[in-house]
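Heads up, the thing below is written out as structure tokens.
The values are calculated or read from the model by the stated rules, or taken from the named source; none is laboratory data. All values derive from a computational prediction rather than experimental measurement. Note that each Cβ is placed from the backbone with ideal geometry, even for glycine, and that neighbours are counted across all protein chains shown.
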Ligand code: SAH
């Protein structure tokens, strides 16, 4: 029976074979990899990956799709975790000694930011992540200081990952087509993130970017004095989008050393 795409689950199924091939090439799976896919849907990517992998894990929220997947694949090839990826404990996936998790997915765009933040807490267990996301979101993730789209997502994720936009995918590659362009992002956890308390950095960055047209001194008024801002290596009359990751980390460390 044909599966009818559910909007509330952010379902846009990839059907372009060329795009599927390009994503698989970018992921470059090896047989023994500990791979987990978020939102496998009708298994377009899963199928490709299982041509090489001996086994993989998937996390899927839609129970109809879970039932299909369990029927279509033997358990020794595919382990299906039925549930919400936002709540899934990725540390429960068994990983052979000396290996780390590889996470992939054509993500539901409606939950992409919270999912990226949820995954960040597992970064030390992860080798790499390859995701299809809304192109605008990927552009924000990889943006450098000075860019119009540099903001909270850029700082918080660049603190933990090296990231690159690999290629853009047009709406026609999906059924049904989304209203926006998509892009594939590669995320590799940095080995030694600048030492800093995550929630404090998050609080600083959120306050800094809450009024991005103001100068940083005014954005951070009440949290930091001008002297502290200067001590963090920041020009107080710069806009928040001109301030780099290391400076935001320096600010956070002033609040919570
Ligand atoms: N990977 C497939 C499907 C992409 S559509 C493809 O490329 O064709 C997004 C998928 O994520 C759907 O299967 C949807 O049911 C699933 N999904 C949506 N929200 C989810 C969540 N919170 N946790 C896990 N899966 C979710």
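Here is a yes/no grid of residues against (1) out of contact with any helix residue (DSSP H, G or I) (no Cβ under 6 Å at 6 or more places or on another chain); (2) touching a residue at least 12 places away in the same chain (Cβ under 8 Å); (3) surrounded by 14 or more Cβ atoms within 10 Å (Cβ to Cβ):
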{"residue": "120", "(1), (2), (3)": "no, yes, yes"}
{"residue": "132", "(1), (2), (3)": "yes, yes, yes"}
{"residue": "141", "(1), (2), (3)": "no, yes, yes"}
{"residue": "148", "(1), (2), (3)": "yes, yes, no"}
{"residue": "160", "(1), (2), (3)": "no, yes, yes"}
{"residue": "173", "(1), (2), (3)": "no, yes, yes"}
{"residue": "183", "(1), (2), (3)": "no, yes, yes"}
{"residue": "192", "(1), (2), (3)": "yes, no, no"}
{"residue": "205", "(1), (2), (3)": "no, yes, yes"}
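Regarding residue 24, is this residue surrounded by 14 or more Cβ atoms within 10 Å (Cβ to Cβ), more than 11 Å from the ligand (Cβ to nearest atom) and at pLDDT 95 or above?
On the way: surrounded by 14 or more Cβ atoms within 10 Å (Cβ to Cβ): yes; more than 11 Å from the ligand (Cβ to nearest atom): yes; at pLDDT 95 or above: yes.
Taking the combined requirement at face value, the residue satisfies it.
What are the residue pairs meeting all of these: first residue in the stretch 13-26, first residue in contact (Cβ under 8 Å) with a residue 24 or more places away in the chain and under 19 Å from residue 39 (Cβ atoms), second residue in a loop (DSSP other than H, G, I, E, B) and near the ligand (Cβ under 9 Å from one of its atoms), Cβ atoms under 7 Å, and 6 or more apart or on different chains?
Listed pairs, sorted by first residue: 13/5; 13/41; 13/42.
Only one of 220, 157, 201 is within 22 Å of residue 127 (Cβ to Cβ) and at pLDDT 95 or above. Can you tell me which?
That would be 157, the only listed residue that is within 22 Å of residue 127 (Cβ to Cβ) and at pLDDT 95 or above.
For the stretch 53-111, what are the residues that are touching a strand residue (DSSP E or B) at 6+ places or on another chain (Cβ under 7 Å) and in a helix (DSSP H, G or I)?
63, 66, 69, 70, 90, 109
If residue 47 satisfies every condition in (1) away from the ligand (no atom under 13 Å from the Cβ); (2) surrounded by fewer than 22 Cβ atoms within 10 Å (Cβ to Cβ); (3) not in a strand (DSSP E or B) but one, which is the exception?
Among (1) away from the ligand (no atom under 13 Å from the Cβ); (2) surrounded by fewer than 22 Cβ atoms within 10 Å (Cβ to Cβ); (3) not in a strand (DSSP E or B), residue 47 violates only (1).
Got a number for residues in the stretch 58-73 being surrounded by fewer than 22 Cβ atoms within 10 Å (Cβ to Cβ), under 20 Å from residue 89 (Cα atoms) and more than 7 Å from the ligand (Cβ to nearest atom)?
Residues that pass the stated criteria total 2.
Applying the selection to the stretch 5-37, what residues are more than 21 Å from residue 79 (Cβ to Cβ), in a loop (DSSP other than H, G, I, E, B) and touching a helix residue (DSSP H, G or I) at 6+ places or on another chain (Cβ under 7 Å)?
10, 15, 16
Only one residue in 100, 77 is within 26 Å of residue 183 (Cα to Cα), in contact with a helix residue (DSSP H, G or I) (Cβ under 7 Å, 6 or more places away or on another chain) and more than 10 Å from the ligand (Cβ to nearest atom). Which one?
It is 100.
Being within 19 Å of the chain's Cα centre (by Cα), part of a loop (DSSP other than H, G, I, E, B), within 11 Å of the ligand (Cβ to nearest atom) and under 26 Å from residue 8 (Cα atoms) narrows it down to one residue among 40, 114; which is it?
40
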